[in-house]
Amino acid sequence: MEQPFFKVIIATEAHHDFALLICEEMEASAKARGTGIAKRSPEYLKQKMTEGKAVIAFSDQGEWAGFCYIETWGHGQHVANSGLIVSPHFRKGGLAKLIKRCIFDLSRAKYPDAKIFGLTTGLAVMKINSELGYEPVTYSELTNDDAFWAGCQSCVNYDILMAKERKNCLCTAMLYDPVEKAVSVTQPIEKQGERKHTVLNEKWQKARARALRLFKPKIERIRALFF
Ligand SMILES: CC(C)(COP(=O)(O)OP(=O)(O)OC[C@H]1O[C@@H](n2cnc3c(N)ncnc32)[C@H](O)[C@@H]1OP(=O)(O)O)[C@@H](O)C(=O)NCCC(=O)NCCS
């Protein structure tokens, strides 16, 4: 089967008409999975579109194909890429990966210092998050902003979360920490720099020794002539 072409773009007010359809699909998918979900209203999704904090995908035929949006917590210290949904017609074709990459890049551009986190029970999302550089963490690493945890109230597993005093639940927590990533990326470069410097220094010392060996007799003769 030919792979469909998708257009993944930052949503705007022009996409408000899709908000209801997206909400319905989110709810239907959660029911089908029998898992919990933080409920969203069409108004909330419209607000995200207006603020430029959402990504929407369409098929080459112009059909709505997927969606995801950004939420910020703890005064922008933590960012979550929430509400990922791919229309059932377009699943298992790599679209969630494209959407997550797009919303991740948007989050990094808007909030370069923020930690990006997610809570999920889905294997697909865990795989995608890992590819983006997220790592599994305990809930203690996530935001302690009450407004975030209040979003779990509409989840069927909320009682479990509360019984565990927000320390654990059925979702796996994953986090992308830009500071840790910066350290792990720059370290090898620094090491490479050191190595490069050492190699160059060794080459220079060898060339100098060879030149001295070659020209030493001449230098000695010139010296003998004048001194
Ligand atoms: C989860 C969801 C977004 C995946 O969308 P998708 O476009 O089918 O995902 P992709 O094709 O990009 O697949 C990404 C990876 O996950 C795997 N995957 C996809 N669906 C999967 C599933 N149901 N179970 C296990 N793995 C799955 C793919 O094989 C792929 O893995 P690979 O990199 O090893 O090839 C989609 O099924 C969906 O909208 N589900 C309902 C809403 C939902 O669960 N949202 C997530 C809330 S946290």
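The values are calculated or read from the model by the stated rules, or taken from the named source; none is laboratory data. This one's a predicted model, so the numbers in the text were calculated from it and none came from an experiment. Using ideal geometry, Cβ is built from the backbone for each residue, glycine included, and neighbour counts are taken over all protein chains shown.
Taking the range 107-127, which residues are under 9 Å from the mean Cα position of the chain (by Cα) and closer than 16 Å to Phe67 by Cα?
Ser107, the sole residue that qualifies.
Considering (1) under 29 Å from Ile116 (Cβ atoms); (2) modelled with pLDDT under 75; (3) over 28 Å from the mean Cα position of the chain (by Cα), say which one Ala163 fails and leave the rest.
Failing condition for Ala163: (2).
Examine the range 41-52 for a residue that is buried (at least 22 other Cβ atoms within 10 Å of the Cβ), within 13 Å of the ligand (Cβ to nearest atom) and closer than 15 Å to Ile99 by Cα, and state whether such a residue exists.
Scanning the range 41-52, I find no residue that is buried (at least 22 other Cβ atoms within 10 Å of the Cβ), within 13 Å of the ligand (Cβ to nearest atom) and closer than 15 Å to Ile99 by Cα, so the answer is no.
Tell me which strands (runs of 3 or more DSSP E) are completely within the range 58-144 and hold 1 or more residues being within 12 Å of the ligand (Cβ to nearest atom) and of a type in the set (A, V, I, L, M, F, W, C), or say none if there are none.
64-73, 78-86, 115-120
Please go through the range 1-32 and give me each residue that is part of a helix (DSSP H, G or I) and in contact (Cβ under 8 Å) with a residue 40 or more places away in the chain, ordered by number.
Within the range 1-32, His15, Phe18, Leu21, Ile22, Glu25, Met26, Ser29 qualify.
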